[in-house]
1. Could you please tell me the mean projected area of the C-alpha convex hull for region 146-298, averaged over all directions and given in square nanometres to one decimal?
2. Between the alpha-carbon centers of region 115-166 and region 202-235, tell me the distance in whole angstrom.
3. Sort region 48-116 into rounded, prolate or oblate with this rule: let a ≥ b ≥ c be the square roots of the eigenvalues of the Cα gyration tensor; rounded if a/c is under 1.5, and if a/c is not under 1.5, prolate when a/b is larger than b/c, oblate otherwise.
4. Would you work out which of Asn93, Thr166, Gly55 lies farthest towards the positive end of the dipole of the chain, given +1 charges on the beta-carbon of Lys and Arg and -1 on that of Asp and Glu, about the Cα centre?
5. Return the percentage of antiparallel bridges among DSSP beta bridges fully within the chain, rounded to the nearest 5 %.
6. Give the separation of the Cα centroids, region 1-21 to region 260-298, in Å.
7. Taking the square root of 5 times each eigenvalue of the Cα gyration tensor, what semi-axes in Å does the equivalent ellipsoid of the chain have, largest first?
8. Name the residue from His178, Asn123, Gly21 whose Cα lies farthest towards the positive end of the charge dipole of the chain, charges +1 on Cβ of Lys and Arg and -1 on Cβ of Asp and Glu.
Amino acid sequence: MLIGIDWGGTKIEGVAMEPDGRELLRLRQDTPRHDYFGCIRMIKDMIEGLETQTGRSGSVGIGIPGSLEPVSRLGKGASSTWLLGQPVEKDLNDIIMRELRIENDADCFAASEAVDGAGAGHNVVFAVILGSGAGAGIAIGGKAHHGPNNSGGEWGHNPLPFPDVTEISGRPCYCGRHGCMETWVSGRAFEAEYTRHTGEKLKARAIIEKKRAGDRLCGLLWDRYVDRVARGLATVVNTLDPDVLIMGGGMSNVDELYDDLPPALARRTFSTVFHTPIKRAVHGDSSGVRGAAWLWRD
């Protein structure tokens with residue numbers, strides 16, 4: 001049995017799977033935010049719950065909202081800032097007392113979609129998360145790829161390319177920099193753009209509904225949002241030229257994205273042609289936890 005844990009900023013989810021990907025049991029709880037050891041204990045209890053309720057033991061893969069520094073194995077680059085500088089791997093090993101495999105949650109998402117999702121059959125998969133934050137993961141040959149610095153796929157913390165005068169020097173990001181992609185293309189950024197123009201707070205879904213009803217401002221905000229996503233992904237296509245782009249997170253559920261993004265991206269890439277398929281994630285919010293389980297696929 002394969003056990004996957006998705007340690008997210010808002011929820012911790014666990015899944016027990018057969019080696020062929022069939023799910024046996026899924027558990028989910030709200031993340032005890034800013035309580036590092038509370039998260040560690042919840043993960044331990046979730047693994048025990050999965051094994052008790054299925055009556056089986058399994059390998060354990062864990063996706064974390066950040067990555068581990070390759071030498072010290074301390075947490076880095078985490079949007080859940082209470083992981084930063086913590087000996088995440090050691091603390092998990094000490095309390096769970098078995099061999100673990102730990103990867104960035106976006107890399108787990110990419111691996112999940114590469115194995116049996118929208119990226120199945122493709123060698124190089126670049127999977128984008130447009131949710132409350134923004135990030136990405138890379139899978140090659142069905143396995144998460146991260147590189148010697150555990151930094152592969154940190155797309156959300158590259159600057160927005162080709163900024164106009166209204167986008168310089170960019171908005172502050174939690175990472176301490178300005179102008180990161182996350183501050184322009186996350187769901188929260190889309191909502192903040194609407195608030196900046198109207199003074200009114202609306203969720204992304206409501207803004208999209210207003211656009212569909214013919215609201216001119218919402219239509220313009222959507223067009224600019226798509227252009228910013230396209231600018232960011234153009235650098236990926238120019239550098240990596242992946243076989244497929246997979247979209248996840250809340251903004252990936254906007255149907256118009258799959259009509260509007262391809263031509264916008266084609267206008268921004270260096271190549272005179274753009275044939276890369278852009279697909280919605282098959283497993284949706286479940287991809288991260290499935291990808292964590294797939295860390296033991298070999």
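The values are calculated or read from the model by the stated rules, or taken from the named source; none is laboratory data. Since we're looking at a predicted model, the values are computed, not measured. Glycine also receives a Cβ, built like all others from the backbone with ideal geometry; neighbour counts cover every protein chain displayed. Each accessible area value is taken on the protein alone, full model and side chains, heavy atoms only, with ligands, DNA and RNA left out. Shrake-Rupley method; radii C 1.70, N 1.55, O 1.52, S 1.80 Å.
1. Projected area, direction-averaged: 10.9 nm².
2. 21 Å
3. On the way: a/c = 2.21, a/b = 1.29, b/c = 1.72.
Cα axes put region 48-116 in the oblate bin.
4. Of the candidates, Thr166 comes out farthest on the positive side.
5. 60 percent
6. 21 Å
7. 33, 21, 19
8. It is His178, whose Cα lies furthest towards the positive end.
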